[in-house]
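Enquirer: The structure under discussion is supplied below as structure tokens; questions concerning it will follow.
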Amino acid sequence: MPEDIMLQEAIQAIRQGKKGRARDLLTRLLRADQSNPHYWLWMSAAVDTDKERAYCLQTALRLEPQNEAARRGLIFLGLMRSEVQGNASPLVRRPWQVETLQEPSVVARPLGGGSFFRLIAVFGAGALLLALLLAGILGVGGRSHQAAARPTRTPGPPPTFTNTPTFVRTPRPQQSTPTPLPRTLAPLWALLEATYTPTPLYVNTPHPISEDYRLAQRAFARGDWQTALRHFKNAAQAEPNAADVQYYLGEVLRQMGDYAAALEAYAAALELNPAFAPAYLGQARLQLALDPQADVSQDLAKAIEYDPNLGEAYLERAAFLLRRGDVTAAQADLEIAETLLPQSALLPLYRARASLLQGNYATALEQARQAYEADRTLLPAYLTLGVSALANSEFALASQVLQTYVQYAPEDPQGWLALGQAYALFSTEQQAYLDFARTPPPEATEQAQQAFEQALKLEPRLASAYLYRALLYLIQDQGQKAVNDLMAARRLEPNSFSINLGLGRALMAAGRLDDALAQVDSCQKLAQDESQQAAVYYWRATINQARRQPRLAAGDWQALLDLSPQSVPNAWRQAAQVALLALTPTSTMTPTPSPTLTPTDTRTPRPTPSLTPTAGGTFSGKTTPSLTPTPGGTLSGKTTPSLTSRP
């Protein structure tokens, strides 16, 4: 079967120390069958870090609880306790035995108890010692057990990559207490559903003098930095005048975090060839790694000048321009990059960021999804997708991808800030001057607060974290705590409309109404559009209502209603209408009678007119109408001031 051959190739690669090749093969096998404990056990011998090894071993043990090799590997890593029974036979030291590698013994039967040391026999002493020591699953060196009976594995559903602690019971008489396995982080490659094709190497110049160059490029392409570094160093010694070798040395060192040595390598490449474009790109990336706010425009411009077809330089400059807020120039670079690197996942990623800056949130979400699906190992795609989901109020999606992001980028305060917003159901457009669309449940509020606190721990000058944590305090009716956070935020961003108006809200919640009114008044000059002006009117009117000054509030309520409908939330408009209706006097609501009345025979009782007799036998009417009988039996009502009496 192809899977059998692929597994044998992976095992052979581990024997030869080609861990990158083994990882590639085993990743393909795991995509086909994630419930196979063999693959997870061998993957633990191919990965580089203890976290990855622990994850692989725990998965293998979860799939096959009797797997002795996985259990011993976890004991070696300190993640399980060694429980040796009192009547166990003493371990006997045996010389290493070498067996011929046969297909059925490796693939056809599952690994069970004692199979860990059977693997030793498969590999041979030297190769196995190297492979399994690196994998961290070698128990007691040089010891062997008799092979135990191999249990039959019943295939189950593919495991999900979560961080829920797994509990495994170690088989022993009267053993009832489970041994918990600590939380470990799934390697990001384990989240892949499809392999992302990386950007091709910039140059592939033949170097016939040194075979190391070819081996180094292969290691570079698969991300095996240690191997690549070793071979590139050998190639540099063999060909000291090759600028591309120095450039690749710089790239490997940059990936490994040795920035000082990387800078020296880039400088050496440019000294050998001042027009070598990739070295300028490498220098720009290195400066950004040291300082994300660094101005790298000159290095990027030189990279593009010396090689107009260097697609990565256009992508890097587009990202730089987006950080500066220059969306138009960034989009121009992305158009060029698309012709050079049409399959790059960075294209939809940066376009999503541009759409966010332009306020095109639905488009941003679609583009962020494209980047995420194109390359699941592109960690910035998780953050951009999370922020885009927040902008569209898709809080469940935002929480999911942002939880993954902060696991792999725990030192990024922006990730924790966005995760806190997702927990608290705060969209990116929901500012402090808006009412809450939804109130999160108590457990989500606590999670959000912890996320904001983590963001502030990493970056104490993150004003937005203070702002959103203050919103949580307002939800919890903790006005003074909200005031404290917003005062801290205002010190960092004194001209922020959201922060200043939020402070007015917090002061009102704290019962400091006069201070709240003065604070909201000060926001009048900070308002930049009708929606912010509407917020000033609404909250100032609300504060005056709380101060029992409804007539002072009336002007703001009316001003709010005079704004365009799209600038005023419906809830605010309704509140203004109700408040103004309550302020309207009752008399103004009574209909005014018509000035001309023609009563019929059925007379409605009227007040008796007050008539004052005069000297000429007439009556002088002051405030009552003049009524004159007509032939038809009706009375003609007129408004003349004098009433004449007739016989």
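The values are calculated or read from the model by the stated rules, or taken from the named source; none is laboratory data. These figures come from a predicted structure and were not determined experimentally. For neighbour counting, all protein chains shown are included, and Cβ atoms are generated from backbone atoms with ideal geometry for every residue, glycine included. SASA here: full protein model, heavy atoms, side chains in, ligands and nucleic acids out. Shrake-Rupley method; radii C 1.70, N 1.55, O 1.52, S 1.80 Å.
Enquirer: Could you grab me the full set of residues in segment 277-299 that are open to solvent by 20 Å² or more (accessible area, probe 1.4 Å) and in a loop (DSSP other than H, G, I, E, B)?
Expert: Result: D291, P292, Q293, D295.
Enquirer: Look at Y266 and say whether it is crowded, with 16+ Cβ neighbours inside 10 Å, touching a residue at least 12 places away in the same chain (Cβ under 8 Å) and under 23 Å from S355 (Cβ atoms).
Expert: Details: crowded, with 16+ Cβ neighbours inside 10 Å: yes; touching a residue at least 12 places away in the same chain (Cβ under 8 Å): yes; under 23 Å from S355 (Cβ atoms): no.
It is false that Y266 is crowded, with 16+ Cβ neighbours inside 10 Å, touching a residue at least 12 places away in the same chain (Cβ under 8 Å) and under 23 Å from S355 (Cβ atoms).
Enquirer: Quick test for you: out of A571, A575, A579, A559, pick the one residue that is in a helix (DSSP H, G or I), surrounded by fewer than 21 Cβ atoms within 10 Å (Cβ to Cβ), at negative phi and touching a residue at least 40 places away in the same chain (Cβ under 8 Å). Reasoning before the result, please.
Expert: Values: A575 fails: touching a residue at least 40 places away in the same chain (Cβ under 8 Å); A579 fails: touching a residue at least 40 places away in the same chain (Cβ under 8 Å); A559 fails: touching a residue at least 40 places away in the same chain (Cβ under 8 Å).
Just a single option satisfies the conditions, and that option is A571.
Enquirer: Condition first: open to solvent by 40 Å² or more (accessible area, probe 1.4 Å), hydrophobic (A, V, I, L, M, F, W, C) and at pLDDT 95 or above. Can you find one or more residues in segment 514-537 that meet it?
Expert: There is at least one residue in segment 514-537 that is open to solvent by 40 Å² or more (accessible area, probe 1.4 Å), hydrophobic (A, V, I, L, M, F, W, C) and at pLDDT 95 or above.
Enquirer: Any chance you could count how many residues in segment 18-50 are within 26 Å of A228 (Cβ to Cβ) and open to solvent by 40 Å² or more (accessible area, probe 1.4 Å)?
Expert: Final tally of qualifying residues: 8.
Enquirer: Can you name the number of the only condition in (1) at pLDDT 85 or above; (2) in contact with a Leu (Cβ under 9 Å, 6 or more places away or on another chain); (3) aliphatic (A, V, I, L, M) that M80 fails?
Expert: Result: M80 fails condition (1) only.
Enquirer: With respect to the numbered conditions (1) buried (at least 20 other Cβ atoms within 10 Å of the Cβ); (2) within 32 Å of the chain's Cα centre (by Cα); (3) of a type in the set (A, V, I, L, M, F, W, C), which one is the sole condition not fulfilled by A69?
Expert: For A69, the exception is condition (2).
Enquirer: Related question: Among the residues of segment 247-305, count how many are under 15 Å from F232 (Cα atoms) and of a type in the set (G, A, S).
Expert: Of the residues in segment 247-305, 6 are under 15 Å from F232 (Cα atoms) and of a type in the set (G, A, S).
Enquirer: Identify, please: which residue in segment 394-409 is small (G, A, S) and assigned to a helix (DSSP H, G or I) and is, among those, most open to solvent (accessible area, probe 1.4 Å)? Full working, then the answer.
Expert: Of the residues in segment 394-409, the ones small (G, A, S) are 396, 398-399, 409.
Narrowing further to those that are assigned to a helix (DSSP H, G or I): 396, 398-399.
Numbers: A396: 83, A398: 0, S399: 20 Å².
Per the stated criteria, the residue is A396.
Enquirer: Regarding Y306, is this residue out of contact with any Pro (no Cβ under 6 Å at 6 or more places or on another chain), over 20 Å from F220 (Cα atoms) and not small (G, A, S)?
Expert: In short, yes.
Enquirer: Got at least one residue in segment 379-392 being open to solvent by 60 Å² or more (accessible area, probe 1.4 Å) and in contact (Cβ under 8 Å) with a residue 24 or more places away in the chain?
Expert: no
Enquirer: Counting only residues that are of a type in the set (S, T, N, Q) and assigned to a helix (DSSP H, G or I), how many does segment 20-54 have?
Expert: The total comes to 2.
Enquirer: Something else now. Considering only residues of segment 331-349 that are over 19 Å from N309 (Cβ atoms), in a helix (DSSP H, G or I) and touching a residue at least 24 places away in the same chain (Cβ under 8 Å), which is least open to solvent (accessible area, probe 1.4 Å)?
Expert: Within segment 331-349, the match that is least open to solvent (accessible area, probe 1.4 Å) is L349.
Enquirer: Is it fair to say S427 is part of a loop (DSSP other than H, G, I, E, B), at positive phi and out of contact with any Asp or Glu (no Cβ under 6 Å at 6 or more places or on another chain)?
Expert: no
Enquirer: Please enumerate the residues belonging to segment 504-517 that are assigned to a helix (DSSP H, G or I), without any contact (Cβ under 8 Å) to a residue 60 or more places away in the chain and not small (G, A, S). Talk me through it step by step, then tell me what you get.
Expert: Just the residues of segment 504-517 that are assigned to a helix (DSSP H, G or I), to begin with: 504-509, 513-517.
Filter once more, so that each one left must be without any contact (Cβ under 8 Å) to a residue 60 or more places away in the chain: 504, 506-509, 513-517.
Selection gives L507, M508, L513, D514, D515, L517.
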